[in-house]
Protein chains: 2
Amino acid sequence: MAPQLDGFFAEVDALSTQFIDRLAKAVAIPSISADEARRPDVVRMAHFLEGELKALGAQVELRPLGKQPGKEHLDLPPVVLARYGSDKNKRTILVYGHYDVQPAERSDGWDTEPFQLHVADDGRMLGRGSTDDKGPVLGWLNAIEAHQKAGVEFPVNLLMCFEGMEEYGSEGLDDLIMAEAKKFFADADAVCISDNYWLGTEKPCLTYGLRGCNYYSVEIWGPGADLHSGVFGGTAQEPMTDLVRVLATLVDTHGKIQIPSIMEQVAQVSAEEEGLYDSISFTMDTLRESLGSSTTIFEDKKPTLMARWRYPSLSIHGIEGAFAAPGAKTVIPAKVVGKFSIRTVPDMDIDTTNEAVYRYVKEQFAKLGSKNSMKVYAQHTGKWWVASPNHWNFAAAAKAVERVWGVQPDFTREGGSIPVTLTFEQATGKNVLLLPMGSSTDGAHSINEKLDKRNYIEGIKLLGAYLHYVAIEATP
Amino acid sequence: MAPQLDGFFAEVDALSTQFIDRLAKAVAIPSISADEARRPDVVRMAHFLEGELKALGAQVELRPLGKQPGKEHLDLPPVVLARYGSDKNKRTILVYGHYDVQPAERSDGWDTEPFQLHVADDGRMLGRGSTDDKGPVLGWLNAIEAHQKAGVEFPVNLLMCFEGMEEYGSEGLDDLIMAEAKKFFADADAVCISDNYWLGTEKPCLTYGLRGCNYYSVEIWGPGADLHSGVFGGTAQEPMTDLVRVLATLVDTHGKIQIPSIMEQVAQVSAEEEGLYDSISFTMDTLRESLGSSTTIFEDKKPTLMARWRYPSLSIHGIEGAFAAPGAKTVIPAKVVGKFSIRTVPDMDIDTTNEAVYRYVKEQFAKLGSKNSMKVYAQHTGKWWVASPNHWNFAAAAKAVERVWGVQPDFTREGGSIPVTLTFEQATGKNVLLLPMGSSTDGAHSINEKLDKRNYIEGIKLLGAYLHYVAIEATP
């Protein structure tokens, strides 16, 4: 059974200028969560959403989250909680997005003013937040409006949760989600998050897995203060020497993790999974383009996608406490902190992984025979997430993609983390779907962030169509 | 033959309050060469010296050095060139010092205002520049004044060269020294620099050697821009992984340099040198105290002093381009630059050492089999310096120490570099002596920099006595 969507689709096209105008209004509010001075703009953005949602007839609450931890003079921006519809005969879908953005300055290298939406002739709509995540957030509002104006009944009850601190660690959000699990979110039958991207530029995807991330620090210290290498070089054991020797044992150039008990935890590749990669729309050229070089570990698509999605990786991010500026400084740093992280996958366990890391780093340091002191610990850990792509939530989204884009979506995972995904799954116990609107070239955190007009307008249709298929697929 | 010094010494004691007052006036001028905004104060300090020297009857020139390289709006502070006496029957001694200072703010942790000389009850005279190097510079002026007031004939002709950029790389000085070698400095029979410190706090020393310093960068790059470790971890070869693996091969925890052809260049220890260390006033406790820990490489004095003075050392200073701040950031840096330096000693050759480093680093990188790119180069190189401690210049200073302090000085080297030492030696072809005034606890570049009143007043006597012994020792 196929839902009647033509009226809704036609209305989206008819309202496209208005929808782009709505996005322009949102982009014009520089809601940069990382910048203390912009906090009033973040709050202004919450009020903008509240106003738009109320005009559409939704019930809206701005939920305060208290003071920002570590900055007690600063209020966290509120979470916008909204409900549209409360028909007991309909399914209820909970959607999440965020209304804050990354910092941006014209002088960073933008071709246009970052907080002024610029619609180029080729359809690129440039502006900070256009694709991350104001476009997708407004997608839900636009879908409601198009239904109203087309006179089409909205197919589900919609719960909305839009936060204003996503780009700065989602401070306070987890507690709110857990607290509302059996209250505001109690009716949710499934969750949909539109805050990621297609794997490429042509083919839509549905995302069912994310890697976790355990972030480690290795501190090594000895001298009471930084030393002059002329005076002390050759007479003191140097923490920096010890640290590079420990870091050098973690992973090799080809990405092979040297720590025992990591790869041993990784789930076997099933026959079903094995067959999944070949059809995925992804080429090594695309990877090399986004990498900006040909320094890939693998030469082929399949091992590359598997390495990104379903195998762990270890990256060394940097060293705190050593000389990091341009030029030359002849310092012997007294205390250095190496930072590295492991991207985790099924069935890796956080505690088992931590213990393996601690044991190995301690062994490597012990081998040096150093008089310096060493401490290794996890700064933060986050579990991997994998959903069932056979759930009706995914089936509905797949049909919506076929209807709007005329192709079957790729079922993908991502190498990064979207921690809120796991929080929603754990809090609600429901299936979570990641349904991206933008494409791989949108440059979410970069200069010249954009959302293609086509992805925005067809994306609005996709979100609406998804809800219609949910209503059919999910009929009890 | 012993010179008559009692009258001069008594006059120094009589004038001590005035001499401390002169130091207070100099400390009150915040002549911070690194701070552009303080440049007028640096120039003011040059004029202060000019005025004092003229009042003593010296011929003085403020020699301009042109614009500061890289900061074309900024004039370099002038070099103060002065001559006191031009008796053809006397020896001529060229002395060097600097009138600029390191930055200092009360808020850095100073117990007193850094630019207000504070004479504590225990004799410590706290103030930025007190020991480095305003005290020693004024020492020469005070010695002249005490001779005049005591009615004692000044024993030598004195050439003075006081610069205002020592704490910021001595910009422009080398060119001036080379240009004046056969002009203003032509008459010099020997050189004396008072800009270093005793090895400890009780026993004076004369310094006859310094290590050189070759500073290297290893650049490794691959991706076109910094990457997200979630998206690219496991699929791209990471420059940071390669860099720590290369840096880990340079030196071990016990200071042993792993690069071939470095230790092979080091001069053998002679029997004479072998016997020199035992009598030197230095304890491992002093080292541990200045180190702030017990993380020394050696447990005994002799190998420690040899490691500081006469063997090369390799220190890894830091990494540019990687994540260096507190906290966690999941970046894969696109380009990283490792910085390390080798302290060099006789008979190491700069080119031979550079070639050995380049060859070794290239070999180590090649072993990784990485697709990333690597470049290794020297940021700057500086030769070691060793003078003959048997020269009459040192003999005169040794006798002066015995006369003033009642002990034979230690003959020491230093692990660091004072590049101007080598420049003076090369430009004039004369023996250069390092004759320190302050002690090891003065904290030249630290908070609460001080010069002990005793070291200042006895130091004035020492500088004067040295000139008298020079007149006797050096009589042709």
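The values are calculated or read from the model by the stated rules, or taken from the named source; none is laboratory data. Predicted, not measured: the structure shown is a model, and the values here were computed from it. As a convention, Cβ positions derive from the backbone with ideal geometry for all residues, glycine included, and neighbour counts pool all protein chains shown. Note: accessible area is taken over every heavy atom of the protein model, side chains too, but ligands, DNA and RNA are not part of it. Shrake-Rupley method; radii C 1.70, N 1.55, O 1.52, S 1.80 Å.
Measuring only protein heavy atoms, the 1.4 Å probe finds B:His73 accessible over about 130 Å².
When peptides B:194-202, B:441-449, B:59-67 are sorted by average Cβ neighbour count within 10 Å, with the highest value leading, the order is B:194-202, B:441-449, B:59-67. Charged side chains reduced to their Cβ positions (Lys and Arg at +1, Asp and Glu at -1) give the range B:150-211 a dipole of some 260 debye around its Cα centre.
Given 25 °C and 0.890 mPa s, how large is the Stokes-Einstein diffusion coefficient of the range B:149-293 in µm²/s, with Rh as the Kirkwood radius over Cα pairs? This corresponds to a translational diffusion coefficient of 110 µm²/s.
About the Cα centre, and with charges only on the beta carbon of Lys, Arg (+1) and Asp, Glu (-1), how big is the dipole of the range B:1-66? Nearest 20 debye, please.
That gives the range B:1-66 a dipole magnitude of about 280 debye.
Taking R0 as 56 Å, what's the FRET efficiency between A:Asp6 and A:Gln258 from their Cβ-Cβ distance, rounded to 0.05?
0.45
Mind giving me the FRET efficiency for B:Thr286 and B:Ala28? R0 is 22 Å, r the Cβ-Cβ distance, nearest 0.05 is fine. Calculated transfer efficiency: 0.10.
Within 10 Å of the Cβ of each residue in A:304-312, the mean number of Cβ atoms contributed by other protein chains is 3. Taking the label point 7 Å along Cα→Cβ, A:Asp108 and its counterparts in the other copies are spaced 3.5 nm apart, in ascending order.
Please identify which residues in the range A:443-476 have an amide N closer than 20 Å to a label point set 7 Å out from the Cα of A:Asp21, following the Cα→Cβ vector. In the range A:443-476, the label zone of A:Asp21 (backbone N under 20 Å from the point 7 Å along Cα→Cβ) covers A:453-454, A:456-458, A:460-461. Within the protein assembly as shown, DSSP assigns beta bridges of which about 70% are antiparallel (rounded to the nearest 5). Taken over the range B:89-136, the alpha-carbon convex hull comes to 95 cubic angstrom per residue. A simple spin-label model places the labels of B:Ser446 and B:Asp122 1.2 nm from each other, with each point 7 Å out along Cα-to-Cβ. The distance linking the range A:400-425 with the range A:257-275 is 22 Å (Cα centroid to Cα centroid, whole angstrom). Extension gain for A:Glu113-A:Ala366 works out to 85.7 nm (0.36 nm per residue, less the C-alpha to C-alpha distance).
Heavy-atom accessible surface of A:Leu74, to the nearest 10 Å², is about 20 Å², with a 1.4 Å probe and all protein chains retained.
Leaving ligands, DNA and RNA out of it, rank A:Arg83, A:Arg38, A:Arg310 by accessible area with a 1.4 Å probe, largest first. All intermediate terms of the calculation are to be shown ahead of the outcome.
Working: A:Arg83 40, A:Arg38 90, A:Arg310 10 Å².
Result of the area sort, largest leading: A:Arg38, A:Arg83, A:Arg310.
Both radii come from the Cα set of the range B:348-476: Rg as radius of gyration, Rh as Kirkwood radius; their ratio Rg/Rh reads 1.16. In this structure, A:Asp300 and A:Glu425 have a Cβ-Cβ separation that, at R0 = 51 Å, corresponds to a calculated FRET efficiency of about 0.95. Summary for B:Gln18: label point 7 Å along Cα→Cβ; distances to the equivalent points in the other copies, ascending, 9.3 nm. Per residue of peptide A:249-259, the mean number of Cβ atoms on other chains within 10 Å of the residue Cβ is 4. In chain A, helices alone account for a calculated mean residue ellipticity at 222 nm of -10500 deg cm²/dmol, with every DSSP H run of four or more residues adding -39,500 (n - 2.57).
The alpha carbon centroids of the range A:97-171 and the range B:440-476 are separated by 71 Å. Net charge in the neighbourhood of B:Glu402 (other residues with Cβ under 14 Å of its Cβ; Lys, Arg +1, Asp, Glu -1) is +1.
Label-point spacing for A:Thr286 across the identical copies (point 7 Å from Cα in the Cβ direction), in nm and ascending order: 6.9. Look at the alpha carbon pairs under 8 Å that are at least 6 residues apart: their mean separation over the length of the range A:129-260 gives a relative contact order of 15 percent.
Our summary gives the range A:44-178 a relative contact order of 32 percent, counting only alpha carbon pairs under 8 angstrom and 6 or more residues apart. B:Thr423 contributes an accessible area of around 10 Å² to the protein surface, as traced by a 1.4 Å probe with all chains present. Take each residue of peptide A:290-301, count the partner chain Cβ atoms within 10 Å of its Cβ, and average: the result is 6. Measuring spread by the Cα atoms of the range B:1-99 yields a radius of gyration and Dmax of 17.0, 55 Å.
Along the Cα-to-Cβ line of B:Ala186, 7 Å from the Cα, sits a label point; which residues in the range B:405-428 have backbone N less than 17 Å from it? Backbone N within reach: B:427-428.
With a cut-off of 15 Å between beta carbons, the residues surrounding A:Glu61 carry a summed charge of 0, where Lys and Arg count +1 and Asp and Glu -1.
Looking only at chain B, where both bridge partners belong to it, what percent of the DSSP beta bridges are antiparallel (to the nearest 5)?
Roughly 70 percent of the beta bridges in chain B run antiparallel, per DSSP.
How many angstrom lie between the Cα centre of the range B:187-256 and the Cα centre of the range A:8-61? If you average the Cα positions of each part, the centres end up 52 Å apart. Sorted into 20 angstrom bins from 0, the C-alpha pair distances of the protein assembly as shown split as 13, 35, 26, 18, 7, 1 percent. For chain A, the Cβ-based charge dipole about the Cα centre amounts to some 680 debye (Lys, Arg positive; Asp, Glu negative; other atoms uncharged).
Placing a label point 7 Å from the Cα of A:Gln265 along the Cα-to-Cβ line, the residues of the range A:329-343 whose backbone N sits under 14 Å from it are A:341-343. Kirkwood hydrodynamic radius of chain A, from the reciprocal of the average inverse Cα-Cα distance over all distinct pairs: 24.2 Å. Which entries of A:Lys302/A:Lys383; A:Lys71/A:Lys450; B:Lys134/B:Lys453; A:Lys256/A:Lys339; B:Lys301/B:Lys461 have Cα-Cα distances beyond 22 Å here? Table pairs above 22 Å Cα-Cα are A:Lys302/A:Lys383; A:Lys71/A:Lys450; B:Lys301/B:Lys461. Contact order for the range B:104-169, expressed relative to its length and based on alpha carbon pairs under 8 Å spaced 6+ residues apart, stands at 15 percent.
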